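Take a look at the structure set out below.
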Amino acid sequence: MYLVTGATGNVGREVVRALLDRGAPVRALTRTGDAAGLPKGAEAVAGDLNDPASLAPALAGVRGVFFLPGYADMPGLLAAAKGAGVERVVQLSGRSAATGDMTNAVTAYMVRTEEAVRAAGLPWTIIRPSAFDANALRWLPQLRAGDVLRLPFAGVPIASIDPYDIGEVAAVALLADGHDGRVYDLSGPEPLLPADQVRILGETLGCELRFEAQPDAEARAEMEAAMPKEYVDAFFRFYVDGDLDESPVLPTVREVTGRDPRTFAQWARAHAGDFAS
Ligand SMILES: NC(=O)c1ccc[n+]([C@@H]2O[C@H](COP(=O)([O-])OP(=O)(O)OC[C@H]3O[C@@H](n4cnc5c(N)ncnc54)[C@H](OP(=O)(O)O)[C@@H]3O)[C@@H](O)[C@H]2O)c1
């Protein structure tokens, strides 16, 4: 049995799918344990990642776990997994962890998560993806209001990744030998500016979308209304100060899975239905 945390999220649902595609039994964890929206064949289970003791039922009889990063007690979560007899952990992190910059709040929670995994005494694989193609789903409110997408960080190219490919890499690392102790930095196949993504999404949906560069001050105010200021500062350091470069295209998805990562156009085609709502 394999336990996937964050199972209804952008990444977790792809890890669930990739494991099921390979015939592995999957237990899918969310806070509610609600099975709605999970792929057929996955067993829904409830647990709170901020409360390691609550994962005891979910961990029973589990061989491998896919963990999301950044929860309140990552050492406690990993100890619970080890105590339950788990044999292997695949830990999601992020590209910025490579900078080791503990003054950046996002990087700091990724680094602390990785430190907990390395110290847990379990075989592990760490996955550091670039920004997700699925972040474009955040544009839905603007798309419902019209055909203009006013977006931050207009000059920043990112080789964003389809969560499908993160799921593929995670499933291979959980199921196959040879991935323990490896850190996989992952990217998509091409660096794109926000304006490129908007153009490709418009072509895919068959509509004319117009890109507008959002000024930094406006972006900051909007983001501060949605998340703690320390995280807003972190993203501004990444993308305005240039502390993080997610434009390089990396060979890792091909090396691990044997196929190239999906393009943003492929992601958009697969998710066109999400934009119809
Ligand atoms: N977005 C990016 O570009 C990016 C890049 C690199 C790394 N990351 C990392 O990737 C992570 C996952 O992203 P995502 O887009 O897949 O997330 P998401 O779509 O927001 O999904 C989060 C998932 O976690 C579950 N969850 C949330 N809090 C929980 C808790 N306390 N206990 C148990 N389950 C909980 C949610 O289900 P319920 O709400 O039903 O519990 C949901 O299934 C992020 O948190 C971030 O650290 C993101």
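The values are calculated or read from the model by the stated rules, or taken from the named source; none is laboratory data. Because the structure is predicted, anything quoted here is derived from the model rather than measured. FYI the Cβ positions are ideal-geometry reconstructions off the backbone, even for glycines, and counts take in every protein chain you see. Side chains included, ligands, DNA and RNA excluded: accessible areas come from the protein's heavy atoms. Shrake-Rupley method; radii C 1.70, N 1.55, O 1.52, S 1.80 Å.
Could you check segment 81-103 and list, in sequence order, the residues that are in a helix (DSSP H, G or I) and more than 13 Å from the ligand (Cβ to nearest atom)?
Correct list: ALA81, LYS82, GLY83, THR99.
Which of the residues belonging to segment 158-173 are more than 19 Å from GLY202 (Cα to Cα) and open to solvent by 10 Å² or more (accessible area, probe 1.4 Å)?
TYR164, GLU168, VAL172
Does segment 171-192 contain any residue that is among the small types (Gly, Ala, Ser), under 18 Å from the mean Cα position of the chain (by Cα) and within 17 Å of VAL65 (Cα to Cα)?
Looking through segment 171-192, at least one residue is among the small types (Gly, Ala, Ser), under 18 Å from the mean Cα position of the chain (by Cα) and within 17 Å of VAL65 (Cα to Cα).
Restricting segment 86-103 to residues that are among the small types (Gly, Ala, Ser) and in contact (Cβ under 8 Å) with a residue 24 or more places away in the chain, which is most open to solvent (accessible area, probe 1.4 Å)?
ALA98
Taking the condition of being open to solvent by less than 20 Å² (accessible area, probe 1.4 Å), free of Cβ contacts under 8 Å to residues at least 40 places away in the same chain and away from the ligand (no atom under 16 Å from the Cβ), how many residues in segment 104-157 meet it?
Result for segment 104-157: 0.
Between residues in segment 26-37 that are free of Cβ contacts under 8 Å to residues at least 12 places away in the same chain and residues that are exposed (fewer than 15 other Cβ atoms within 10 Å of the Cβ) and assigned to a strand (DSSP E or B), which pairs lie under 6 Å by C-beta distance while being six or more apart or on different chains?
The qualifying pairs do not exist here.
If only one of LEU209, LEU192 is touching a Leu at 6+ places or on another chain (Cβ under 7 Å) and at pLDDT 95 or above, which one is it?
LEU209
So which residues in segment 71-103 are closer than 22 Å to TYR2 by Cα and among the acidic types (Asp, Glu), if there are any at all?
ASP73, GLU87
Output yes when any residue across segment 68-77 is farther than 22 Å from ASN10 by Cβ, within 12 Å of the ligand (Cβ to nearest atom) and in a helix (DSSP H, G or I), and no when none is.
no
If a residue must be hydrophobic (A, V, I, L, M, F, W, C), touching a helix residue (DSSP H, G or I) at 6+ places or on another chain (Cβ under 9 Å) and open to solvent by 60 Å² or more (accessible area, probe 1.4 Å), how many such residues does segment 25-71 contain?
Counting residues in segment 25-71 that are hydrophobic (A, V, I, L, M, F, W, C), touching a helix residue (DSSP H, G or I) at 6+ places or on another chain (Cβ under 9 Å) and open to solvent by 60 Å² or more (accessible area, probe 1.4 Å) gives 2.
Do we find a residue being open to solvent by 20 Å² or more (accessible area, probe 1.4 Å) and of a type in the set (Ser, Thr, Tyr) anywhere in segment 179-187?
no
Please go through segment 260-272 and give me each residue that is assigned to a helix (DSSP H, G or I) and open to solvent by 60 Å² or more (accessible area, probe 1.4 Å), ordered by number.
GLN266, ARG269, ALA270 - these are the residues of segment 260-272 that are assigned to a helix (DSSP H, G or I) and open to solvent by 60 Å² or more (accessible area, probe 1.4 Å).
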